[in-house]
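Presented below is the structure to which this report refers.
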Amino acid sequence: MWPPDLIQKAKDGGLDAIETYIFWDRHEPVQRQYNFSGNLDFVKFFKLIQEAGLYAIMRIGPYACAEWNYGGFPLWLHNIPGIELRTDNQVYKNEMQIFTTKIVNVAKEANLFASQGGPILLAQIENEYGDIMWNYKDAGKAYVKWCAQMALAQNIGVPWIMCQQPDAPQPIINTCNGYYCHNFKPNNLKSPKMFTENWIGWFQKWGERVPHRSAEDSAFSVARFFQNGGVLNNYYMYHGGTNFGRTAGAPYMTTSYNYDAPIDDSNGLNWEWKMEPKKDTMHGKGNIKAHQLLEQKELTLDASDYLWYMTSVDINDTSIWSNSTLRVNTMGHTLHGYVNRKYIGYQFSQWGNKFTYEKNVSLKNGTTL
């Protein structure tokens, strides 16, 4: 949802730039098959921004996070033999460079960078990697250096940024994300002090209270940031929307990505009901036999959030099994239970922890599924 009137509302609110992610899974859903049409036409989006008299920030990533399904990675990436994501792995780096170069070339061909007269002032490579880099040790440090070198080699004529990356190699600009960034200092005295995500709210989870941050607190955060030498503040989010279908990616997150934003997902829009086309994956298909748990993303190819495990037990004495308990230990988010093709109930872990499902069941002679 990015009609010109929303861009104009942002301008009327005092903004002079709009940023957007570039989602890898949407633009390359199948390896080497790209899609920049319709709502994926980011060239048109940036030109609408420029026509409104605004600038733009392009966040390539290509790992976006963004509470988006799989962080924006396409599932085919996960299934490439020998790949390790977001680390010093040559298989992954090859794919990341190919996609990044593709996006940059599309932008260059449309003259979108400010160095070409276009609206894009800044571009981002990687995303909040510094928060998890410790887990990758030396391979993570080498990966960050490679990301910087690969990005700079693109020669886009505008600065590159890395948010939440204290060791961002020069001349990459490290930036701050959070509720308050007045005490943040760039790792180079020559780098401008940038607040790339001022969290106006938070995303909504099922069963939790609606997140809220007062406008007064946000305004105080902005004022104090500029008072302490800040030069750029980006509201995250300024326009809250809806991640339809299965695109919402955080655990137990609702499809609304309203984020308590100044312009929410119902502001100035005409709503109508529309049936969402989907494949019914609840019935299960296939005939795979295994004596172990399976890697779900490799098996389902992201066609479904569900993976059915089926087994059978031969019952020959109902006096023993008439009052039985079905017990399943799981680290999944949700479990649905069936016995003899009859639904017996479900359970979910609201906080993302493992849980044990237990249900009394009545079994009968013969084979029980």
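Computed from the coordinates by the stated procedures, all read-outs in this text should not be read as laboratory data. In this text the structure is predicted, and so the values were computed from the model without any measurement. Cβ coordinates were reconstructed from backbone atoms using ideal geometry, including for glycine residues, and neighbour counts include every protein chain displayed.
Structural remarks
- Angstrom value of the Kirkwood radius, inverse mean 1/r, which spans all Cα pairs in the stretch 4-257: 19.0
- Relative exposure of D265, D131, D138, judged by other C-beta atoms within 10 Å (fewest first): D138, D131, D265
- Neighbour count of at most 12 Cβ within 10 Å plus DSSP loop: longest chymotrypsin sites (Phe, Trp or Tyr not before Pro)-free window in the chain: 1-205
- Residue order, fewest to most beta carbons within 10 Å, for H333, H212, H27: H212, H333, H27
- Annotation: Cα Rg of the stretch 158-275 relative to the compact-globule expectation 2.2 N^0.38 Å equals 1.24.
- Euclidean distance of C-alpha centroids, the stretch 190-266 and the stretch 1-19, integer Å: 16
- Here the chain carries DSSP beta bridges of which approximately 45% are antiparallel, counting only pairs with both residues inside.
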